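Below is one structure, written out as structure tokens; comments come after it.
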Amino acid sequence: MARGAAPRHPERTRSMKKSLALSLLLAAALAQNAGAQAPAWPAITQQNRPWTRWWWEGSAVNPQDLTHLLTQYEQAGLGGVEITAIYGVKGAENQFIDFISPKWLDVLGHTLAEGKRLGLGVDMAQASGWPFGGPWVTPADACKYVAYQTYALKGGEQLTEKVSFMQKPISTAIGHKIDIKQLKDPVATNAGLQALALEQVRFEKPLPLQALMAYPATGPAIDLTAKVYASGKLDWTAPAVQSSLPLAYTLAVRSIAGPVAG
């Protein structure tokens, strides 16, 4: 052995080579196993696909058109439809089908069968596109409507009457007449609401002011809402041109007996 040369160890060299080979084999096996365990793309179901609302205007539908449209929806990649029966198109009254009538149930059954055949889901709203109501719906959460009135002033004039709006009473029910004087406000406090079958109720009451705007004959509109005192007096003098002052109010409208027929 030459002076200064490192001693050779054949057995150690062979052991290192075996270890390296085993490591490479293990790495290859792990890589192959990882590839086998990689998650596959999940199956696409009707719940994964987009759905659409399907308006039945006047429920003027027939089996042939229903099958044709459902086939188009399936070919477009939709997962299903939500049927909503609503008022019909003027002039097509002879094609209307009464909601929940035997004929209506027949076309609904056809739709369900065709949807199943095509792999489409079919949901149905419980009534028309009108909002639902109930004693748990507070005035703050109920639907609103806007009432308005106008005043006319000349330049230099002030409004002498109080800014106010009194709601006119209304009471309608399904299948019978009802006197507004027989009802308590709020409507939810009346007994036997289901038997009353109330459709629309408005009590005579002042409505809160939402906005008061002045529209001069020329120039931009003027917001006067902040110039109206709690008493209803308007602290404002009209400019030298005639103005029209529309008032905007809101009122809660509540449907107590259930959805209103559309």
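The values are calculated or read from the model by the stated rules, or taken from the named source; none is laboratory data. Only a predicted model underlies this, so the values are computations on that prediction, with no experimental measurement involved. Please note: Cβ atoms are built from the backbone with ideal geometry, for glycine as well, and neighbour counts cover all protein chains shown.
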Within the stretch 11-32, identify whether any single residue is under 30 Å from GLY88 (Cα atoms) and modelled with pLDDT of 65 or more, and answer yes or no.
no
Within the stretch 172-194, of all residues that are modelled with pLDDT of 90 or more and of a type in the set (A, V, I, L, M, F, W, C), the one surrounded by the most Cβ atoms within 10 Å (Cβ to Cβ) is LEU183
Scan the stretch 187-209 for residues that are closer than 20 Å to ALA147 by Cα, touching a residue at least 60 places away in the same chain (Cβ under 8 Å) and not in a strand (DSSP E or B) and jot them down.
LEU207
Of the criteria (1) among the charged types (D, E, K, R); (2) surrounded by 14 or more Cβ atoms within 10 Å (Cβ to Cβ); (3) outside any helix (DSSP H, G or I), which one GLU114 fails
(3)
Check VAL107, VAL146 and return the single one that is among the hydrophobic types (A, V, I, L, M, F, W, C) and either at pLDDT 90 or above or part of a helix (DSSP H, G or I) (or both).
VAL107
So, TRP136, is that one under 30 Å from LEU183 (Cα atoms) and not assigned by TED's automatic domain parsing to the domain that holds LYS233 or not?
yes
Since ASP65 meets every condition but one in (1) of a type in the set (D, E, K, R); (2) modelled with pLDDT of 95 or more; (3) surrounded by 14 or more Cβ atoms within 10 Å (Cβ to Cβ), which condition does it not meet?
(3)
Look through the stretch 38-76, keep the residues that are more than 19 Å from GLU93 (Cα to Cα) and of a type in the set (D, E, K, R), and return whichever of them is farthest from the chain's Cα centre (by Cα).
GLU74
So, in the stretch 201-224, exactly how many residues are surrounded by fewer than 16 Cβ atoms within 10 Å (Cβ to Cβ) and either among the basic types (Lys, Arg) or at pLDDT 90 or above (or both)?
2
